[in-house]
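Please treat every number below as a calculation from the coordinates, not as lab data. What you see is a predicted model; the values in this text were computed from it and never measured. Neighbour counts are summed over all protein chains in view; Cβ atoms, including those assigned to glycine, are modelled from backbone coordinates with ideal geometry.
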Amino acid sequence: MDDDKKEFLDSLTELEEGKTYNFKCYPGISCFNACCNDLNMVLTPYDILRLRRGLNMGSVDFLRQHTTMHMDADTNFPEFHLRMTDGASRNCAFNTKQGCSIYENRPGACRMYPLGRATRPDGKGGVCEQFFIVREDHCKGFLEKDEWTGASWKKDQGFEEYTANNDRYMNTLARIRQAGGPVPEKMGHMAVLTLYKLDEFQRFITKMQLFSRVEVDEDRQKAVMSDEEATLEFALDWIELMLFHSTPNLKAKGKS
Ligand code: SF4
Ligand code: SF4
């Protein structure tokens, strides 16, 4: 974690397990839409899958139009941010007077707001999670009566669909850091293709005959080529196999 991210989390109040906070956000609240501009929001591979699918866009067009990218110094992996509109307002492109135009597929960070969620590997392939309250002066939702724990907010906002994919990705990044840091440049570029351009990765699988190099049964092969959630799961397995030569759900052919 870089210093800016650590400093940001350190500045927030932790919402301990079982503890509650008051919050409600709805059209008609005086601050409606005040939070959807000037954001510095990282999009996970699953965020991008959902956004693209909701907008019915190819990955190349989506990434060009709606994101900015840099390589993270700790890992040498790509980090995509949601692009704000040009000009002084730096608005989110999906922010309309009626609210979020891609609400059903809004990114995980938008779902969790006003909570931040931090995770660390639990050593068993899963994660331990912590919630933090992001209390900003312009947000009047805290004056409402509805009461939430971190777990009930997560469920209400449909974040649970995001958890498995995002947590798996965070574990991969943690594994890279534990292994000593930045991956070779070539692997960083490979991660752009495999994790963020799933439609292109499907074509790459066919062109490079990847299934002939790993043990994948026919059902999984079909799923990987037709369902981008399965493609992303395979992409994470493939990346880990390339980087660490082992991953629980994928074996190279001929290896025991
Ligand atoms: S994606 Fe939707 S909820 Fe998220 S910042 Fe943009 S308009 Fe707001
Ligand atoms: S500022 Fe807070 S209450 Fe207002 S629209 Fe944004 S999240 Fe909802």
Completion exercise
The rounded separation in angstrom of the Cα centers of segment 167-213 and segment 89-143 is 26 Å
Practice task
Sort the following peptides by mean Cβ neighbour count (other Cβ atoms within 10 Å, averaged over residues), highest first: 162-174, 79-91.
Solution key: 162-174, 79-91
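Treating only the Cβ atoms of Lys and Arg (+1) and Asp and Glu (-1) as charged, compute the dipole magnitude of segment 3-171 about its Cα centre; round to the nearest 20 debye. Please list the in-between numbers first.
Details: 22 positive and 26 negative charges, 122 e Å.
That gives segment 3-171 a dipole magnitude of about 580 debye.
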Completion exercise
So the number of lysine pairs in segment 100-212 with alpha-carbon atoms under 25 angstrom apart, 8 or more residues apart or on different chains, is 9
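Using Cα pairs closer than 8 Å and at least 6 residues apart in sequence, work out the relative contact order for the chain, in percent. List each step's numbers first, then the result.
Numbers: 335 pairs, mean separation 62.2, N = 256.
So the answer I get is 24 percent.
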Completion exercise
Dipole check, segment 197-244, charges on Cβ (K,R +1; D,E -1), about Cα centroid: among Leu198, Ala230, Leu210 the Cα furthest to the positive pole belongs to Leu210
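Size of the dipole of segment 28-93 about the Cα centre, Lys and Arg at +1 and Asp and Glu at -1 on the beta carbon, nothing else charged, in debye to 20?
Numbers: 6 positive and 7 negative charges, 62 e Å.
The dipole magnitude comes to about 300 debye.
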Completion exercise
Rounded to the nearest 10, the angle in degrees between the Cα long axis of helix 228-244 and the longest principal axis of the Cα atoms of the chain comes to 60 degrees
Handout entry: Check: segment 197-244 dipole with +1 on Lys, Arg Cβ and -1 on Asp, Glu Cβ, in debye
Key = 320 debye
